[in-house]
Amino acid sequence: MKQNLAIGVDIGGSHISCAAVDLNSFRVLKETRTEKAVDNKAEANQIIMVWVQALKDVIKNIPSDSLKGIGFGMPGPFDYVKGISYIKGVAKYENLYGCNVKNAISDSLGFHGDFPIRFMNDVSTFAVGEALVGKAAKAERSISITLGTGFGSAFISNRIPIVDGTEVPKLGCVYHLPYGDNIADDYFSTRWFIGKYKKLTGKELSGVKEFAKLAGTDKIVMDLFTEFGTNLGIFLAPWLKKFKAEIVVVGGNISHAYDLFGGIFENSLMNEGCSCKVALSELKEDAAFIGAAYLLDETFWKDIQHALPLM
């Protein structure tokens, strides 16, 4: 049988999601979709064990000779070429520091050394998936952002992540750029909503889902969404124009409340002289599966070799 399937993996802050993807049609095989909670403060071997079990759950649901390889969308810092984690200084996966994830996964699954297990930045996999078959499929140049516990972004040209050059920020993402009193990640993430609301009211909410429920009756909450959308447009517009992006695709948990800030964001972009189209991701996590699985396309894998060390 032709090896036409790859497993796309999305590593979240407290979970792993994965599914088999048909590399010919980019169809996600829904019956293989698996998600498992992960204790991100556990020892490295425990984390790997959960990831391996999730992969096994996918593998058992596909023909044994159809699997071409596994692609991971992995948060950084990470050596995407060698498969080694260098995550530290954040409250997740720090015990993986120095772990060769590629070898650990391969050994635990009983695969030989030449079995392809490949890695790319997690937001880049989402953006590539959107560029392949999502909202950015008709665009030559796109930017995808994920709004959630952090502020993710990726610049895409002809399906390839752009991570260096004068038209993109260092690392090919924007979370680390100066904004307000600190960096963009502090303003365009869930913790901004939580922190600002607590400062204004003394009350603490758990997440944007809770904020969205209150928006209709709490003016302070609605004002926060207005401020968020306005500032996001002001911040992103210069980079959208500099990159000549045709479209920006919005994903992540905060995007579920897009009706509360999306119009404001789009108006803010226009006020900044940016005519870039805006689209809400419909693929959502499936985009990450597709982009990660696409790492098993040999032409794409060759084309991104120069970019991986810079992510």
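Since every read-out is calculated from the coordinates, none of them should be taken as a lab result. For clarity, every value in this text was computed on a predicted model and none was experimentally measured. With ideal geometry, Cβ positions are generated from the backbone for all residues, glycine too; neighbour counts draw on all protein chains shown.
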**Fill in**
The answer for residue 15, listing residues at least 5 apart or on another chain whose modeled amide H is closer than 5 Å to its amide H, is 38
**Asked** Once you sort the root eigenvalues of the Cα gyration tensor of the chain as a ≥ b ≥ c, which label holds: rounded (a/c under 1.5), prolate (a/b larger than b/c) or oblate (the other case)?
**Response** prolate
**Asked** Relative contact order, percent, of the chain when contacts are C-alpha pairs under 8 Å separated by at least 6 residues?
**Response** 22
**Asked** What is the spin-label model distance, in nm, from residue 300 to residue 271 if the labels are put 7 Å beyond Cα along the C-beta direction?
**Response** 3.8
**Fill in**
Counting only DSSP beta bridges fully inside segment 135-282, the antiparallel percentage to nearest 5 is 55
**Prompt:** In segment 92-195, which trypsin sites (Lys or Arg not before Pro) are in a loop and have at most 13 other Cβ atoms within 10 Å, using DSSP for the loop call?
**Reply:** 138
**Spin-label model distance (nm) - residue 50 vs residue 86, 7 Å beyond Cα toward Cβ** = 2.5
**Message:** Explain nothing, just compute: Karplus ³J(HN,Hα) = 6.51 cos²θ - 1.76 cosθ + 1.60, θ = phi - 60°, for every residue of segment 226-238 in order, whole Hz, x for Gly and Pro.
**Reply:** 5, 5, 4, x, 4, 5, 4, x, 4, 6, 7, 3, x
**Over the chain: helical MRE at 222 nm, DSSP H runs n ≥ 4 each giving -39500 (n - 2.57), nearest 500** = -11000 deg cm²/dmol
**Message:** Can you list residues from other chains, or at least 5 along the same chain, whose modelled amide H is less than 5 Å from the amide H of residue 144?
**Reply:** 154, 156, 249
